Amino acid sequence: MSKKKILLIHHSGLLGGAGISLYNTWRTLEKKYEVVCYIPNDPPDLLNFLREKGLNPHTFSFRLGKLTYYSGGNNLLKPRFWYHALHSLTQIKYWELVLRDVKPDFVLVNSKVLCWMGKLFKKRKIKSLCFVRETIPGNPKKFMNKFMKNMLDDFTAVAFLSKYDLFQTDLTKAQTVVSPDFLEVKEYTASNDREVACTNLNIDPKNFNVLFVGGTDQLKGIDIALIAINILKNQKISLIVAGKDFGDIQGEGMKQLVSKIKNRKTIEFSERIKKYIFQKGIQNKVKFIGIQKNMSDPFSACDILIFPMTKPHQARPAFEIGVQRKPVIISDFPNIREFINHEVNGLTFEPNNPESLAKAILRLKDDKEMLRRLGNLNYEYTMKYHTEEYAMGKLIDKIDEII
């Protein structure tokens with residue numbers, strides 16, 4: 001008997017948390033179904049990653065239409081929201097042709113920003129699921145939150161990363177399931193000891209090393225992290241910054257110029273934080289290591305991870321580092337409390353408060369017993385809630401039930 005066919009649609013070419021989750025979901029689904037996947041070809045980061053892993057997605061060369069209204073995203077007053085949203089109007093025909101060509105038994109879109117596609121699948125009577133990987137902004141009763149809720153209800157089912165996100169969205173028609181992000185444990189297991197990892201990354205192993213994963217992303221809180229490190233600059237503490245420099249615009253000629261104009265605020269923010277580092281004389285306390293395809297060494301080289309997000313956001317690195325029995329210090333937003341418990345498997349601090357973050361960092365630096373205990377419990381939480389068996393079990397059951 002031939003396998004049922006699932007069409008996966010992903011919204012971005014960046015290799016971020018959602019891209020890693022796409023890879024993990026694809027690997028799990030292909031054990032039971034035939035999987036056909038479509039992703040953007042630009043930027044090529046995710047495409048190259050998937051090919052290196054032996055997967056061969058179909059690609060499209062246009063900016064996929066997206067409703068980028070979520071915590072940390074764009075509001076209706078931002079031109080970028082309408083720039084992304086209006087693209088969807090011109091792409092309906094393309095996706096109708098894809099559906100006709102692929103003939104899927106089921107479609108899974110990998111982000112809430114693609115909720116507009118639900119009506120397309122409903123019209124063609126194709127069973128579908130939207131995986132919501134974003135937290136809603138503000139009051140659930142706001143017009144745009146209710147508007148997107150109605151779009152999600154056009155899907156056969158909707159998956160959420162947490163019970164918090166499910167309850168906040170409060171769907172009335174679509175079936176629902178909670179499926180936390182999961183990881184391949186071997187990808188994050190230490191391949192080198194701390195000293196070798198520090199040497200590989202040119203980091204001083206004698207310092208208490210604090211890892212920040214998010215590059216110069218303002219939403220992830222790089223500015224909060226830097227202010228905290230400045231507060232602690234007389235301590236033997238270093239900040240390791242992994243991720244993209246959002247002020248580094250690639251390309252040449254007109255393409256580069258257009259990118260600079262479009263991303264001017266992001267570039268300005270990146271330049272401000274770099275200027276802050278030199279103004280405060282903390283350049284020897286901060287080490288930028290760029291995008292890391294393999295996070296094993298950065299996790300091995302650090303003592304703790306910090307995730308000082310400025311708005312509610314998903315925090316995948318918080319449990320990834322649990323594989324190496326290390327704790328996280330994270331902004332205290334309601335959406336993370338299912339997975340990070342204060343003084344159990346990590347510490348929480350007052351959001352957007354560098355002094356509160358600095359105090360938490362110093363607390364773990366000075367209390368080795370707490371550092372060890374929280375790290376061990378973070379490992380236990382990771383193994384309990386973020387393995388393939390736990391996270392994907394209910395999702396696969398739901399897909400089986402629908403198909």
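Using amide H atoms built in the peptide plane, which far-off residues or other-chain residues are under 5 Å from PHE60 H to H?
Result for PHE60 returns ILE39, ASN41.
For helix 354-366, report the angle its Cα long axis makes with the longest principal axis of the Cα atoms of the chain; keep it between 0 and 90° and round to the nearest 10°.
70 degrees
By how many degrees, 0 to 90 and rounded to 10, does the Cα axis of helix 92-102 deviate from the longest principal axis of the chain?
The angle comes out near 80 degrees.
Of ASP303, ASP181, ASP367, which has the largest mean-square fluctuation in a 10 Å C-alpha GNM of the chain?
So, out of ASP303, ASP181, ASP367, the one fluctuating most is ASP367.
Relative to the first principal axis of the alpha-carbon coordinates of the chain, what is the inclination of helix 222-231, with its axis defined by its Cα atoms, in degrees from 0 to 90 and to the nearest 10?
It works out to around 10 degrees.
Applying a 10 Å radius around every beta-carbon, put 91-103, 115-127 in order of their mean neighbour count, most first. Working shown, then result.
Working: 91-103: 13.5, 115-127: 17.2.
Ranked from most to least packed, the peptides come out as 115-127, 91-103.
Pairs to check: LYS5/LYS103; LYS274/LYS359; LYS326/LYS394; LYS186/LYS326; LYS66/LYS146. Give those whose C-alpha atoms are more than 19 Å from each other in this structure.
LYS274/LYS359; LYS326/LYS394
Within the range 1-87, report the chymotrypsin sites (Phe, Trp or Tyr not before Pro) that DSSP leaves as loop and that have at most 12 other Cβ atoms within 10 Å.
On the way: sites: TYR23, TRP26, TYR33, TYR38, PHE49, PHE60, PHE62, TYR69, TYR70, PHE81, TRP82, TYR83; in loops: TYR33, PHE62, TYR69, TYR70.
Passing sites in the range 1-87 are PHE62.
To the nearest µm²/s, what D does Stokes-Einstein give for the range 185-385 at 20 °C and 1.002 mPa s, using the Kirkwood radius over alpha carbon pairs as Rh?
Numbers: Rh = 17.1 Å.
Rounded to a whole number, D works out at 125 µm²/s.
What are the residues whose amide H is under 5 Å from the amide H of ILE237, where those residues sit 5 or more places off or on another chain and H is modelled from the backbone?
PHE208
Report, to the nearest whole %, how much of the accessible area of the chain belongs to carbon and sulfur atoms, 1.4 Å probe, protein only. Working shown, then result.
Values: 9620 of 18680 Å².
The C+S portion of the solvent-accessible surface of the chain is 52 percent.
Using 7 Å Cα-to-Cβ label points, what is the ASP204/LEU55 separation (nm, one decimal)?
Each label point is offset 7 Å from its Cα along the Cβ direction, giving 4.1 nm.
In whole percent, what relative contact order does the range 185-385 give with Cα contacts below 8 Å and a gap of six or more residues?
Values: 367 pairs, mean separation 52.0, N = 201.
Worked out over the range 185-385, it gives 26 percent.
Return the whole-Å distance between the Cα centroid of the range 313-336 and the Cα centroid of the range 69-135.
So the two Cα centres are separated by 29 Å.
For the chain, what relative contact order do you get, as a whole percent, if you take Cα pairs closer than 8 Å and at least 6 residues apart?
Values: 757 pairs, mean separation 58.6, N = 403.
Rounded, it is 15 percent for the chain.
Name the shape class, rounded, prolate or oblate, that the alpha-carbon gyration tensor gives for the range 325-403, where a ≥ b ≥ c are the square roots of its eigenvalues, rounded holds for a/c under 1.5, and otherwise prolate holds if a/b is larger than b/c and oblate otherwise.
Working: a/c = 4.92, a/b = 2.02, b/c = 2.44.
Since a/c reaches 1.5 but b/c is at least a/b, the shape of the range 325-403 is classed as oblate.
After finding the eigenvalues of the alpha carbon gyration tensor for the chain, what semi-axes result from the square roots of 5 times each, listed largest first in whole Å? Mind dumping the intermediate values first?
Numbers: eigenvalues 252, 114, 84 Å².
The three semi-axes for the chain are 36, 24, 20 Å.
Could you do me a favour and compute the accessible area per residue for the chain, 1.4 Å probe, result in Å²? Provide the component values of the computation, followed by the final result.
Numbers: 18680 Å² over 403 residues.
So the chain comes to 46 Å² accessible per residue, rounded to a whole number.
In whole Hz, with x marking every Gly and Pro, tabulate ³J(HN,Hα) for the range 24-36 from phi via Karplus 6.51 cos²θ - 1.76 cosθ + 1.60, θ = phi - 60°.
4, 5, 4, 4, 6, 5, 5, 5, 10, 10, 7, 10, 10
Would any residue of the range 147-180 have its amide N under 16 Å from a label point 7 Å out along Cα→Cβ of LYS122? List them or say none.
147-159, 170-176
Which loop GluC sites (Glu not before Pro) in the range 324-371, with loop taken from DSSP, have no more than 14 other Cβ atoms within 10 angstrom of their Cβ? Intermediate results must be reported in sequence, preceding the final value.
Numbers: sites: GLU338, GLU343, GLU355, GLU369; in loops: GLU338, GLU343.
Hits after loop and neighbour filter: GLU343.
The values are calculated or read from the model by the stated rules, or taken from the named source; none is laboratory data. Please read these numbers as outputs of a predicted model, since none were measured by experiment. All Cβ positions, even for glycine, are placed from backbone atoms using ideal geometry, and neighbour counts span all protein chains on display. What goes into the accessible areas is simple: the full protein's heavy atoms, side chains included, and nothing from ligands, DNA or RNA. Shrake-Rupley method; radii C 1.70, N 1.55, O 1.52, S 1.80 Å.
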